[in-house]
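Contents: one structure, followed by commentary.
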């Protein structure tokens with residue numbers, strides 16, 4: 001039986017579409033295979049970099065615990081480059097004693113911190129009092145009024161009436177903005193447990209804030225650093241002192257950082273405690 005020309009043309013088109021579909025499927029499978037290999041290689045490289053950075057942090061811990069270690073790590077956050085497994089690691093050690101402790105700092109110091117980031121004196125004072133309210137146990141009328149202030153502002157929560165668990169929790173305080181919290185976060189801590197600041201290990205940014213608020217000790221420390229005669233940053237970590245260790249590795253494809261906070265315990269069985277590791 002002879003086929004009509006239209007039927008033959010339709011069959012030819014169907015065959016061509018079938019070959020095209022097969023070509024697309026094969027191409028997709030090849031692309032997926034190449035992508036999977038790339039993702040696997042990238043994942044392996046990330047894992048390798050993470051293990052190297054964790055090794056760098058452990059190397060820093062050893063240096064902090066042993067005053068005889070040739071690796072000297074200043075406690076003021078100055079960055080040092082160290083070689084490890086064929087990579088150059090940017091290592092930064094920063095004592096939490098050189099920051100403003102949200103759970104211990106007096107309101108005037110908190111107000112100075114906020115004012116240093118451009119908050120008006122009146123608003124800085126109000127915000128400092130709210131931080132103090134958040135962290136302190138409260139009962140009776142004061143507690144009810146504090147909770148009511150948050151409810152009136154449309155917040156589904158009130159103050160914790162307990163210590164801050166992290167610097168990030170500061171964002172929950174009434175009147176605190178994301179921008180302000182991000183600005184003060186590097187200058188604040190919950191680990192020092194001290195209302196004062198060790199200016200010998202304080203970072204440059206915090207020293208500038210304190211100097212702007214008339215802190216003579218901060219001004220003299222900045223001047224000494226400018227002359228290269230500042231003391232204290234190279235001292236050993238004290239018993240009970242918390243130190244943040246940040247290790248950063250840069251490659252052509254990514255930048256990876258690992259951060260740990262440790263506390264010097266001084267115990268043979270537990271020479272240090274890990275407070276955070278991320």
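Considering (1) closer than 18 Å to residue 189 by Cα; (2) over 26 Å from the mean Cα position of the chain (by Cα), the lone condition that residue 139 does not fulfil carries the number (1). Scanning the stretch 113-125 for residues that are crowded, with 16+ Cβ neighbours inside 10 Å and part of a helix (DSSP H, G or I) yields a count of 5. Residues in the stretch 84-109 that are part of a strand (DSSP E or B) and either out of contact with any strand residue (DSSP E or B) (no Cβ under 7 Å at 6 or more places or on another chain) or under 12 Å from residue 203 (Cα atoms) (or both): 84, 92, 93, 94, 95, 100. Looking for something part of a helix (DSSP H, G or I), surrounded by fewer than 16 Cβ atoms within 10 Å (Cβ to Cβ) and on the phi > 0 side of the Ramachandran plot - is there at least one such residue anywhere in the stretch 136-147? Yes, some residue in the stretch 136-147 is part of a helix (DSSP H, G or I), surrounded by fewer than 16 Cβ atoms within 10 Å (Cβ to Cβ) and on the phi > 0 side of the Ramachandran plot.
Of all the numbered requirements in (1) touching a residue at least 40 places away in the same chain (Cβ under 8 Å); (2) in contact with a strand residue (DSSP E or B) (Cβ under 7 Å, 6 or more places away or on another chain), residue 239 misses one, and that requirement is (1). Tell me, please, whether a residue that is farther than 17 Å from residue 64 by Cα and either in a helix (DSSP H, G or I) or in contact with a helix residue (DSSP H, G or I) (Cβ under 9 Å, 6 or more places away or on another chain) (or both) can be found in the stretch 235-247. The answer is no, given that none of the residues of the stretch 235-247 is farther than 17 Å from residue 64 by Cα and either in a helix (DSSP H, G or I) or in contact with a helix residue (DSSP H, G or I) (Cβ under 9 Å, 6 or more places away or on another chain) (or both). Across the stretch 56-77, the number of residues qualifying as surrounded by fewer than 16 Cβ atoms within 10 Å (Cβ to Cβ) and either touching a residue at least 24 places away in the same chain (Cβ under 8 Å) or outside the structural domain of residue 261 (by TED's automatic domain parsing) (or both) comes to 2.
All conditions but one from (1) over 17 Å from residue 64 (Cα atoms); (2) in the same structural domain as residue 72 (by TED's automatic domain parsing); (3) modelled with pLDDT of 95 or more apply to residue 184; the one that does not is (2).
Scanning for something under 30 Å from residue 220 (Cβ atoms), modelled with pLDDT of 95 or more and in contact with a helix residue (DSSP H, G or I) (Cβ under 7 Å, 6 or more places away or on another chain), does the stretch 130-144 turn up at least one residue? Scanning the stretch 130-144, I find at least one residue that is under 30 Å from residue 220 (Cβ atoms), modelled with pLDDT of 95 or more and in contact with a helix residue (DSSP H, G or I) (Cβ under 7 Å, 6 or more places away or on another chain), so the answer is yes.
Results for (1) more than 30 Å from residue 254 (Cα to Cα); (2) outside any helix (DSSP H, G or I); (3) within 24 Å of the chain's Cα centre (by Cα), shown as yes or no for each residue.
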position: 63; (1), (2), (3): no, no, yes
position: 80; (1), (2), (3): no, yes, yes
position: 111; (1), (2), (3): yes, no, yes
position: 132; (1), (2), (3): yes, no, yes
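The values are calculated or read from the model by the stated rules, or taken from the named source; none is laboratory data. Please read all numbers here as calculations on a predicted model, not as lab measurements. Using ideal geometry, Cβ is built from the backbone for each residue, glycine included, and neighbour counts are taken over all protein chains shown.
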